[in-house]
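Enquirer: One structure coming up, written as structure tokens, with questions to follow.
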Amino acid sequence: MIRYYGKKPYKAVVVHGGPGALGSLGAFAGKLSSYFGVAEPIQTKYSINELIEELHGHITCLKEKEITLLGHSWGALLCVLYAAKYSQKLRRVILVSSASFEERFSSLAEKTRRARLTDKEYQTSQEILARGDAEKINKFFDKTDNYDAFEEESALIKFDLKMLNEIWNEASGLRNQNKFISSLKKIKCPITVIHGEYDPHPYLGVVKPLEENGVKFDKYILPKCGHYPYRERFACDVFYQILKKII
């Protein structure tokens with residue numbers, strides 16, 4: 001399944017996070033389409049290799065000579081793995097609010113989220129997360145992940161708890177094996193990192209491994225910005241202007 005916004009050519013393909021937050025970039029893609037056509041593939045598979053091939057099928061069907069691939073959160077990690085294998089049609093890869101590339105940074109997001117909740121809020125959030133209640137857990141993420149975000153009309157199709165658990169377990173294993181670093185080294189197109197300073201996923205967990213491994217990239221670190229730059233009052237305008245310039 002793929003959703004389209006705006007008119008051809010579809011210059012940007014946006015890849016949602018979660019894993020399992022199907023259609024979560026719909027509102028963002030809709031706004032971005034005021035500049036150029038945007039395609040939003042919906043992830044439906046339960047292994048990373050299958051997700052890579054599913055994404056490749058969607059991109060191939062677009063029949064565009066060149067596209068920019070933008071991934072948000074988990075979607076950024078998927079884009080890294082995809083671009084390492086299929087970079088021939090990619091103009092650029094944009095990694096927005098990516099999870100950390102190395103295991104040494106992986107616990108910092110949970111520690112930061114924990115510190116932004118009371119003991120009672122944290123306990124309740126863990127119970128809700130275990131049930132897979134996306135609507136209720138988002139209320140906690142609004143507090144832990146955002147600096148000053150506004151509400152947007154939800155385009156979420158569903159939150160797939162099975163996909164979250166299975167894909168994230170596999171992704172954690174790949175991170176332990178430094179698979180994301182080895183994949184980043186194989187990417188032949190330009191890489192751009194966009195990350196909020198207030199994001200519980202530390203931007204150093206993205207930037208530092210790239211620098212230490214000699215991977216060339218551009219970066220935009222946004223002040224007063226959390227995990228969803230397209231919803232942040234102080235950062236969204238700058239965020240969209242960056243995308244307009246580089247896509």
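Enquirer: Quick one: in region 18-61, which of the residues that are surrounded by 23 or more Cβ atoms within 10 Å (Cβ to Cβ) and of a type in the set (S, T, N, Q) is farthest from E152 (Cα to Cα)?
Expert: Q43
Enquirer: I want to confirm something. Restricting to region 1-17 and keeping residues that are of a type in the set (A, V, I, L, M, F, W, C) and under 19 Å from K89 (Cα atoms), which single residue is surrounded by the fewest Cβ atoms within 10 Å (Cβ to Cβ)?
Expert: Of everything passing the filter in region 1-17, I2 is surrounded by the fewest Cβ atoms within 10 Å (Cβ to Cβ).
Enquirer: Restricting the search to region 203-216, which residues are surrounded by fewer than 19 Cβ atoms within 10 Å (Cβ to Cβ) and within 17 Å of the chain's Cα centre (by Cα)?
Expert: L204, V207
Enquirer: Mind listing whichever residues of region 66-96 are of a type in the set (S, T, N, Q) and either closer than 12 Å to V15 by Cα or in contact with a Phe, Trp or Tyr (Cβ under 6 Å, 6 or more places away or on another chain) (or both)? Break it down stepwise before answering.
Expert: From region 66-96, those of a type in the set (S, T, N, Q) are 68, 73, 87-88; that's our starting set.
The answer is T68, S73.
Enquirer: How about region 77-89: which of its residues are part of a helix (DSSP H, G or I) and either out of contact with any helix residue (DSSP H, G or I) (no Cβ under 7 Å at 6 or more places or on another chain) or basic (K, R) (or both)?
Expert: Scanning region 77-89 gives C79, A83, K85.
Enquirer: Cβ-Cβ distance below 6 Å, separation of 6 or more or different chains: which pairs start in region 90-112 with a residue that is outside any loop (DSSP other than H, G, I, E, B) and end on one that is among the hydrophobic types (A, V, I, L, M, F, W, C) and surrounded by 22 or more Cβ atoms within 10 Å (Cβ to Cβ)?
Expert: L90/L69; L90/A83; V93/L69; V93/C79; V93/A83; I94/L70; L95/A76; V96/I194
Enquirer: With (1) crowded, with 17+ Cβ neighbours inside 10 Å; (2) in contact with a Leu (Cβ under 9 Å, 6 or more places away or on another chain) as the list, and K143 as the residue in question, which single condition is left unmet?
Expert: K143 satisfies all of (1) crowded, with 17+ Cβ neighbours inside 10 Å; (2) in contact with a Leu (Cβ under 9 Å, 6 or more places away or on another chain) except (1).
Enquirer: Could you check region 137-153 and list, in sequence order, the residues that are of a type outside the set (D, E, K, R) and not in a loop (DSSP other than H, G, I, E, B)?
Expert: I137, N138, F140, F141, T144, A149
Enquirer: Restricting the first residue to region 234-247 and requiring it to be more than 8 Å from L222 (Cβ to Cβ), which pairs with a second residue that is surrounded by fewer than 17 Cβ atoms within 10 Å (Cβ to Cβ) and among the hydroxyl-bearing types (S, T, Y) meet a Cβ separation below 7 Å and a spacing of at least six or different chains?
Expert: K244/Y35
Enquirer: Hey, among the residues in region 62-76 that are in contact (Cβ under 8 Å) with a residue 60 or more places away in the chain and part of a helix (DSSP H, G or I), which one's surrounded by the most Cβ atoms within 10 Å (Cβ to Cβ)?
Expert: Out of the qualifying residues, it is G75.
Enquirer: Any residue that is part of a helix (DSSP H, G or I) and either in contact (Cβ under 8 Å) with a residue 24 or more places away in the chain or on the phi > 0 side of the Ramachandran plot (or both) - is there at least one of those in region 5-22?
Expert: no
Enquirer: If we scan region 220-229, do we find a residue that is part of a helix (DSSP H, G or I) and surrounded by 15 or more Cβ atoms within 10 Å (Cβ to Cβ)?
Expert: Yes - at least one qualifying residue is present in region 220-229.
Enquirer: Regarding I191, is this residue under 22 Å from K85 (Cα atoms), at pLDDT 95 or above and touching a Pro at 6+ places or on another chain (Cβ under 8 Å)?
Expert: It is false that I191 is under 22 Å from K85 (Cα atoms), at pLDDT 95 or above and touching a Pro at 6+ places or on another chain (Cβ under 8 Å).
Enquirer: I would also like to ask the following. What number of residues within region 23-38 are assigned to a strand (DSSP E or B) and either within 22 Å of F150 (Cβ to Cβ) or within 15 Å of the chain's Cα centre (by Cα) (or both)?
Expert: 1
Enquirer: Oh, and also: Those residues that are in a loop (DSSP other than H, G, I, E, B), at pLDDT 85 or above, surrounded by 11 or more Cβ atoms within 10 Å (Cβ to Cβ) and not hydrophobic (A, V, I, L, M, F, W, C), I need them from region 113-136; list them, please.
Expert: R116, the sole residue that qualifies.
The values are calculated or read from the model by the stated rules, or taken from the named source; none is laboratory data. Keep in mind the model is a prediction, meaning the values are calculated, not measured. Cβ coordinates were reconstructed from backbone atoms using ideal geometry, including for glycine residues, and neighbour counts include every protein chain displayed.
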